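Working notes for the structure below.
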Amino acid sequence: MTVRIATALAAAALATALAGCARFPEIDAAEARHEGPTEAPRIVPVEPILARADAPGATPEDAAALDARAAALRRKAAGLRARVF
């Protein structure tokens with residue numbers, strides 16, 4: 001039994017190693033288009049992001065629209081429960 005497990009683990013390791021040697025033409029083509037160093041990401045201040053986090057996200061109109069959608073989904077679910085399949 002342990003020989004089977006060892007063989008399976010060795011086969012899995014070999015398959016993983018061979019997959020690491022594979023060529024990926026899409027990645028190679030993308031790298032060829034971008035010669036030289038790429039642009040570093042822009043660093044932005046965190047304060048404006050944190051200020052927006054405290055602002056309320058939903059308005060009363062959003063809540064009303066959500067309630068209407070929930071009611072429509074409940075009606076649809078009730079209709080589906082009433083059907084005989």
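Odds and ends about this structure:
- For region 53-85, a residue qualifies if it is at pLDDT 85 or above and among the β-branched types (Val, Ile, Thr), but none of them does.
- In region 8-23, the residues that are loosely packed, with under 10 Cβ neighbours inside 10 Å never reach a residue that is of a type in the set (Val, Ile, Thr) with C-beta atoms less than 7 angstrom apart, at least six apart or across chains.
The values are calculated or read from the model by the stated rules, or taken from the named source; none is laboratory data. Please read these numbers as outputs of a predicted model, since none were measured by experiment. Here Cβ is always computed from backbone atoms with ideal geometry, including for glycine, and neighbour counts include all displayed protein chains.
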